Structures are given as C-alpha cells and as structure tokens.
1. Set the Förster distance to 41 Å, then compute FRET efficiency between Leu72 and Asp34 from the Cβ-Cβ distance, nearest 0.05.
2. Checking the cross-link filter: which aspartates and glutamates have an alpha carbon closer than 17 Å to that of Lys65, excluding same-chain neighbours under 8 positions apart?
3. Pairs Lys4/Lys111; Lys3/Lys43; Lys4/Lys33; Lys43/Lys194; Lys109/Lys135: which are spaced more than 26 Å apart, C-alpha to C-alpha?
4. For the chain, what is the convex hull volume of its Cα atoms per residue in Å³?
5. Starting with the highest mean, order 156-162, 79-85, 180-186, 50-56 by the number of other Cβ atoms within 10 Å, averaged over the residues of each peptide.
6. DSSP loop GluC sites (Glu not before Pro) in the stretch 17-102 with at most 11 other Cβ atoms within 10 Å of their Cβ, which ones?
7. For the chain, calculate the relative contact order in percent as a whole number, restricting contacts to Cα pairs under 8 Å that are 6 or more residues apart.
8. In whole angstrom, note down how far apart the Cα centers of the stretch 87-108 and the stretch 179-208 are.
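Just so you know, all these numbers are worked out from the coordinates, no wet-lab data involved. Owing to the predicted nature of the structure, the values given are computational and were not obtained by experimental measurement. Because the Cβ atoms are built from the backbone with ideal geometry, glycine has one as well, and the counts that use them run over all protein chains shown.
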Amino acid sequence: MGKKWIDISQPLTNDIAHWPGDTPFSYETVFTKDETGSVNIGKITTSLHTGTHIDAPFHFLNEGKTVLDLDLELYIGKAKLVDVSDWDEVTPEAFFNSELDGVQRLLVKTKKQVEPHIFPQEIPRLSPELAPFLKEKGVRLLGVDLPSVDALNSKEMETHHALYQHDIHILENIYVEHVEPGLYEIIALPLPIKGGDGSPVRAVIRPL
C-alpha cells in the first residue's frame with residue numbers, strides 16, 4: 001500500500017466562514033428522490049473565495065488571467081510544507097532555516113490552529129518582500145492557511161501584486177494544522193470556470 005492522501009481542504013458547509021459582505025456558501029437539496037422518482041438534485045451558491053481556493057490574477061487585476069487561462073501544472077506536483085507559526089510577520093527571515101532551493105510549490109502553516117467556521121479578526125502579515133525571495137528559490141505556487149495573503153482590510157493588495165509580479169500564484173485557506181512539515185505531492189486543481197477570478201479546490205497532499 002502506498003502512502004495515503006491527506007485532505008488539506010476546508011469542508012464546504014453551510015456554516016463555513018466567509019468574507020464579511022461576500023456571498024456565503026449554501027448547499028440545499030432542491031429536488032428530492034421522492035419528488036423526482038429517481039434522484040436527489042442539489043444546488044450550491046458560493047463566493048469563489050470561500051474555503052480552500054485559488055486566486056486567478058483577474059481577482060486583483062482587470063487585465064489579469066482568469067481561471068481557464070491558468071497552467072494546471074502549477075497545482076499538481078512536489079510541494080514543501082513549512083511551519084512559520086511562531087512568526088507574527090512572515091518575512092524571508094522566517095524561511096532562512098528551510099531548504100527551499102528548487103521548491104516550486106510552497107505550503108505555509110502560519111497559525112497553530114485554524115477555525116474554518118470563524119472568520120478571523122486579524123491574520124499574520126505576509127511581507128511583500130517574500131515575493132522576490134521566493135522567486136529566487138524557484139517557487140511558483142504559494143499556499144497559505146489564511147483567507148488572504150494580504151491584511152484583511154487591505155485595499156492596495158501589496159502582497160497579491162508582488163507575488164503576481166514575480167510569477168507566483170496563490171492558494172488560500174489550506175487546512176494544515178494536522179500535517180507535519182515536510183515534502184509532499186500536491187493536487188489542488190481549480191474548477192474550469194470561464195471568466196472566474198478564482199475557484200474552490202479540493203487540495204490533497206501525500207508524503208514523499
């Protein structure tokens with residue numbers, strides 16, 4: 001038996017936290033088997049940025065690529081999980097003891113505990129200075145256990161833009177408090193949403 005896949009996605013439930021003012025997630029069975037005589041049929045309503053999701057550049061740039069334009073190779077392959085939960089501000093210094101050379105997909109644990117049903121009041125700050133540092137190491141995908149790579153009240157979206165300028169894509173709201181740091185294989189494919197500024201993903205990892 002090979003090593004098992006570990007789910008690092010937040011389950012999409014009707015009480016999952018969502019951005020204040022954004023569309024909450026909702027699932028309902030619209031037609032029951034008793035009504036149709038054959039099947040149950042469900043419906044979902046959601047923001048594309050609720051739960052574990054990727055950001056497409058169009059999310060913060062009108063001229064940016066949308067979900068269907070993105071390279072699927074970004075979201076499949078070797079990844080490294082690093083714990084920086086002792087840092088209030090995550091700067092390049094937080095990774096000085098981690099071997100990142102050649103790491104294309106970096107997953108970051110910034111919090112010791114994540115509450116998927118409670119939207120945080122504040123989150124650790126990810127410095128825009130991370131972007132050139134991670135680019136130099138070869139990182140192309142940054143995954144974080146946060147609803148955003150910027151401060152929750154940010155309008156400038158400095159870190160989003162810095163990562164984009166260094167060709168680093170964004171995966172947010174991963175759930176890794178139960179996972180040990182190390183090397184993994186990841187699959188975190190977005191849905192093929194035409195025109196989408198983001199997409200929910202089912203993110204799974206397997207130890208290497």
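1. Values: r = 40 Å, r/R0 = 0.97.
According to the calculation, E is roughly 0.55.
2. Of all the aspartates and glutamates, those that pass the test against Lys65 - Cα under 17 Å, at least 8 places apart if same chain - are Asp55, Glu73, Asp167, Asp197.
3. Values: Lys4/Lys111 24 Å; Lys3/Lys43 34 Å; Lys4/Lys33 34 Å; Lys43/Lys194 19 Å; Lys109/Lys135 19 Å.
Flagged as over cut-off: Lys3/Lys43; Lys4/Lys33.
4. Numbers: hull volume 29.9 nm³, N = 208.
So the per-residue Cα hull volume is 144 Å³.
5. On the way: 156-162: 18.6, 79-85: 20.9, 180-186: 16.7, 50-56: 24.9.
Going from most to least packed, we get 50-56, 79-85, 156-162, 180-186.
6. Details: sites: Glu28, Glu35, Glu63, Glu73, Glu89, Glu93, Glu99; in loops: Glu63, Glu99.
Passing both the DSSP loop test and the Cβ count: Glu63, Glu99.
7. Values: 459 pairs, mean separation 63.5, N = 208.
The value is 31 percent.
8. 19
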